[in-house]
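Taken together, the values in this text are just the output of simple stated rules run on the coordinates, not laboratory data. Because the structure is predicted, anything quoted here is derived from the model rather than measured. We place every Cβ from the backbone using ideal geometry, glycine too, and count neighbours over all the protein chains shown.
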Amino acid sequence: MSLRVAVVGGGPAGSSAAETLAKAGIQTYLFERKLDNAKPCGGAIPLCMVSEFDLPPEIIDRRVRKMKMISPSNIEVNIGHTLKEHEYIGMCRREVLDSFMRNRAADLGANLINGTVFKLEQPTTSDRPYTLHYVQEDGTAQTLEVDVVIGADGANSRIAKEIDAGDYNYAIAYQERIRLPEDKMAYYNELAEMYVGDDVSPDFYAWVFPKYDHVAVGTGTMKVNKDRIRELQAGIRSRAAAKLEGGQIIKVEAHPIPEHPRPRRVVGRVALVGDAAGTVTKSSGEGIYFAAKSARMCAETIVETSNGGRRIPTEADLKLYLKRWDKAYGMTYLVLDLLQRVFYRSDATREAFVEMCSDLDVQKLTFDSYLYKTVVPANPLVQLKITAKTIGSLMRGNALAP
């Protein structure tokens, strides 16, 4: 037999899964409803993603080597002093990144289908196929039978609903793309900014991230309310007003961002990856790398447990991907969740957080963790120093008060 796998969603997650499967010679179908789609997203990717996923230089709009952390009282801390010459945070436009990864998967043999999956018909027995019902771009209704389904279709995942994967809390990311005059754009050449404060987000942060010919200015919050998100966006526009003067809004975007994993990420022979599974991290809110990585790990597990496509994997086989994922990144998620709970709960704790970021040991630990996606273990003396500095910063800002 030849295993048939449908990957629903053509972002970094779906494309990574499809590429891995196609390389293994597995019959792969990659669904994307809008080939020109660009998810609202800060577009920051860590250095390890560039190498792990073989991203060419032209995918990266800007190489950020400097970051400004700006506190509620507008105290600015410059971070990035610990970066080595070759290290940077990549800034990309999602429409460019997604298109490249999707087309590469197709070039390697994945069947790219421009269509919207609206129903997943469950098999009556464990060896029967799933039937996907979808509508092509021209409005034609079609069906496709497959043995395994990967849901990579984002926070509003149709596949997750079809397998009753359960709901999760989600935040809203809202951003404006603003084209700046040349002199203003030059300021953001290798620089990104992060703002914290109740005026820009009650539970997250706001950002100004540089792209090819514009900046992405946005905010995120779990307080899902249209009026509130507009107030917060006005807050970041106000805080960064002098740097954005003369800018022209070229696009406005909004999108839900999952706040924790779904209750069920594998059901039968259906696996969820990326935002559909809930792989976005707390504290940083980053999702691109983890979406692509979760999908690749899922696809690798399918290749392995199907003997290269010669047998149909079981639910237990697919759950092996979750065990590996949780073992590799469970601690990272726990640490980032703790950081968000401690430092994003009030303006006092945010002031303490920004103060703490001025310490070079803290900067190195933070950047190493972000760039290489591990909770980097500092040596005991450095760890003790960071802990003491954290407590000191919180005490000075009265942030430990209940």
For segment 103-168, what does the relative contact order come out to in percent, with C-alpha contacts under 8 Å and a separation of six or more? 24 percent
Taking 85-93, 238-246, 194-202, 265-273 and ranking on average Cβ neighbours within 10 Å, highest first, one gets 265-273, 194-202, 85-93, 238-246
Relative contact order (percent) for the chain, with alpha-carbon contacts under 8 angstrom and 6 or more residues of separation? 21 percent
Taking the Cα centre of the chain as origin, sum charge times position over the Cβ atoms of Lys and Arg (+1) and Asp and Glu (-1), and report the length of that vector in debye to the nearest 20. 500 debye
Loop only per DSSP, at most 11 neighbouring Cβ atoms within 10 Å: give me the trypsin sites (Lys or Arg not before Pro) in segment 283-377, ordered by residue number. Arg310
Going highest first, how would you order 139-147, 59-67, 75-83, 19-27 by mean Cβ packing within 10 Å? 19-27, 59-67, 75-83, 139-147
Given a Förster distance of 60 Å, the FRET efficiency implied by the Cβ-Cβ spacing of Arg310 and Arg341, rounded to the nearest 0.05, works out to 0.80
Qualifying aspartates and glutamates (Cα of each under 15 Å from Cα of Lys251; at least 8 residues distant if same chain): Asp36, Glu95, Glu176, Asp213
Sites matching trypsin sites (Lys or Arg not before Pro) across segment 141-194 that sit in DSSP coil, with at most 10 neighbouring C-beta atoms within 10 Å: none
Counting only residues 5 or more apart in sequence or on a different chain, those whose built amide H sits under 5 Å from that of Asn111 are Thr28, Tyr29, Leu30
Using Cα atoms only, what is the angle between the long axis of helix 12-23 and the major principal axis of the chain, expressed in degrees (0 to 90) to the nearest 10? 40 degrees
Considering only the other residues whose Cβ falls under 11 Å of the Cβ of Thr28, what net charge follows from Lys and Arg at +1 and Asp and Glu at -1? +1
Which whole-Hz ³J(HN,Hα) couplings does segment 202-218 yield from phi under the Karplus relation 6.51 cos²θ - 1.76 cosθ + 1.60, θ = phi - 60°, glycine and proline marked x? x, 8, 8, 9, 10, 9, 10, 10, x, 10, 4, 10, 7, 10, 9, 10, x
Which angle from 0 to 90°, rounded to the nearest 10, does the C-alpha axis of helix 347-356 make with the longest principal axis of the chain? 90 degrees
For the chain, alpha-carbon Rg over 2.2 N^0.38 Å: 1.01
If you take the alpha carbon radius of gyration of segment 154-216 and divide it by 2.2 N^0.38 Å, what ratio comes out, to two decimals? 1.60
Report, to the nearest 10°, how far helix 360-372 tilts away from the longest principal axis of the Cα atoms in the chain, using its own Cα long axis and a range of 0 to 90°. 20 degrees
32 Å Cα-Cα threshold exceeded, pairs from Lys34/Lys161; Lys34/Lys68; Lys161/Lys223; Lys282/Lys319: Lys34/Lys68
